[in-house]
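The values are calculated or read from the model by the stated rules, or taken from the named source; none is laboratory data. These numbers were taken from a predicted model, which means no experiment stands behind them. Note that we place each Cβ from the backbone using ideal geometry, even for glycine, and neighbour counts take in every protein chain shown. Only protein heavy atoms, including side chains, enter the accessible area calculation; ligands, DNA and RNA are left aside. Shrake-Rupley method; radii C 1.70, N 1.55, O 1.52, S 1.80 Å.
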Amino acid sequence: MSASYHEQQPTVLVLDFGAQYAQLIARRVREARVYSEIVPYDISAEDVESRKPAALILSGGPSSVYAEGAPRMDARILEMGIPILGLCYGMQLMALELGGEVPRTDVGEYGFAELQVVDPRCRLLEDMPERSQAWMSHRDSVGSVPEGFIMTARTAITPIAAMEDPGRRLYAAQFHPEVAHTQFGQEIVRRFLYEIAEIPPVWTMVNIIDENVESIREQVGADRVICGLSGGVDSSVTAALVHRAVGDQLTCVFVDHGLMRKDEGAEVVRVFRDQFHVDLVHVQAQERYLSLLSGVTDPEQKRRIIGEEFWKVFFEEATKLKGARWLAQGTLYPDVIESGSRTAAKIKSHHNLIPFPDGVHFDLIEPLRALFKDEVRAVGKELGLPDDIVLRQPFPGPGLAVRIIGEITYEKLELLRRADAIVREEIAAWDRDGTVWQYFAVLPDIRSVGVMGDERTYGRPIVVRAVTSVDAMTADWARLPHELLARISNRIINEIEGINRVAYDITSKPPGTIEWE
Ligand code: XMP
């Protein structure tokens, strides 16, 4: 799919020097409505030439250009006349390759810095106030600019914080405009794209949908397509998009493992069968799953059983559909790029990940493989999927199984489902702006004594988990108001027989994880 975008759209290539920043840069470019792709840093000048990019951005990378094995680029790319923006490590490389100096220093600069624009002739930082906040994360920095460049900004610690040579269309910044902490970061990205590289902002969700619909139709012809639905964002948007393209040629198989949250399974059926009129096979596999999980307490074993059973059930149904040749999968761009390594942008073989039974094979269509998660949500919204699905919080594939500690039984599932519904209802009503990343209930494998009325109880506790986060890599426990916690606790204990205690998890990640298990 990416080939068609790249042929039709002006494309910015982001050379990935191994920092987590490359994906962020690509996303910022797309937010400016310009299509971007991440490529390995060692892409050759010939490959760049053949892809005809409208501009290049060199990402940040390791802390020092002098580090062992520090990645270098094909320097001929700098002389091709393509507009290039070098960021952080990318700036240092640009300087080194073109005859500037990057002296070894022991003084790094990390975090906020005051950026001062020093040359009114500069194009990249034109229109910026003389002083603003920028985000820094580097050890070395450029000591003298290559011939033809002017120095355009500095900070207290870094004398050359930005440089440019408009004649050769080369621009560079030591700070990170792609990071939200940089005050005028997105303005700088936009200036580079629109004013300097003269790329029109034409990439929109409607483009993505139209182009995808067209290429799916072409690819599939008159064949039948199947798609596994899980209720998650990726598979739902894939199904909705393929359905827009080929209508009745699509059959969706929804393997309902019975480990979903309250009403979630019914919602999948309502949306796809009743709203989209998709040919939907709803496999109610709860009992099968519960019997397989009976007596199993090890979290890894639970995950393995649930994962293997999914494909078993799925292929049992898929092979009943005569003439189906294609399997639609919700692979996203971050699954395709292995960021942070020299293998960036090399394509992982998803065929290897799907355990096709002997003698069974489907060709894959992966209409979302050029998209980031937030773009997938926007496509889903545009296609008419409800917020419950497109704005869904991350939810593990094995569902509530990871939130029940110890053996999974029907009774425990029901207790957890009811408690979780209360937690979600109460926090959603309070958190209208969506400041909390994820919230849910957990059922630990213990009982404790309590008293209700005149009677002693020996019931189960519910743990409430609510965290703030930007990417789930790190997280902090949400500072929920005590009144809200009190309401949740009262409701759970009053409404659910068998629960006699509610605890709130005040562990951040690290050292904790978001899920229990
Ligand atoms: P942890 O618990 O490792 O979770 O802090 C990080 C994020 O990943 C989600 N998660 C999953 N998502 N399939 C998923 O799609 C899974 O198996 C899975 N396990 C954990 C978790 O909810 C959190 O957002």
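Taking every C-alpha pair closer than 8 Å and separated by at least 6 residues, the mean separation divided by the residue count of the chain gives a relative contact order of 11 percent. Surface composition of the range 205-390: carbon and sulfur atoms hold 48% of the protein heavy-atom accessible area at a 1.4 Å probe. Each listed q (0.19 Å⁻¹) maps to a log10 I(q)/I(0) for the range 307-463 from the Debye sum over equal C-alpha point scatterers, namely -1.30. With only Cα atoms counted, the chain has Rg and Dmax values of 26.4, 87 Å.
Only protein atoms count toward the accessible area here, which uses a 1.4 Å probe; on the range 3-196, the carbon and sulfur part of that area reaches 47 percent.
Compute the acute angle (0 to 90°) between the alpha-carbon long axis of helix 21-31 and the principal axis of greatest extent of the alpha-carbon atoms of the chain; round to the nearest 10°. In the chain, helix 21-31 runs at an angle near 90 degrees to the longest axis. Most tightly packed first, judged by the mean number of other beta-carbon atoms within 10 Å of their residues, the peptides 34-40, 356-362, 173-179, 279-285 read 173-179, 34-40, 279-285, 356-362.
Karplus-derived 3J(HN,Hα) values for the range 13-19, using 6.51 cos²θ - 1.76 cosθ + 1.60 with θ = phi - 60°, are 9, 9, 7, 8, 8, x, 9 Hz; glycine and proline are entered as x. Per-residue SASA remark: L24, around 50 Å² accessible (1.4 Å probe; ligands, DNA and RNA not included). In order along the range 127-142, phi translates into HN-Hα couplings of 6, 7, x, 4, 10, 7, 8, 9, 9, 10, 7, 7, 9, 6, 7, 6 Hz, rounded to whole numbers, per the Karplus curve 6.51 cos²θ - 1.76 cosθ + 1.60 with θ = phi - 60° and x for Gly and Pro. The HN-Hα couplings worked out from phi for the range 214-226 by the Karplus form 6.51 cos²θ - 1.76 cosθ + 1.60 (θ = phi - 60°) are 5, 6, 5, 4, 4, 5, 8, x, 9, 6, 8, 10, 10 Hz, whole numbers, x standing for Gly and Pro. In this structure the amide hydrogen of G86, modeled in the peptide plane, comes within under 5 Å of the amide hydrogens of L58, Y171, A172, A173, none closer than 5 places in sequence on its chain. Highest-first packing order for the peptide set 191-197, 481-487 is 191-197, 481-487, based on the mean count of other beta carbon atoms within 10 Å. The peptide list 374-381, 95-102, put in order of mean Cβ contacts within 10 Å with the highest first, becomes 374-381, 95-102.
Solvent-accessible surface of the range 3-196, taken per residue with a 1.4 Å probe and all protein chains present: 40 Å². For the range 402-517, with all protein chains in place and a probe radius of 1.4 Å, 52% of the accessible heavy-atom surface sits on carbon or sulfur. For the range 115-147, the residues whose backbone nitrogen is under 14 Å from a point 7 Å from the Cα of T105, taken along Cα to Cβ, are 115-116, 136-145.
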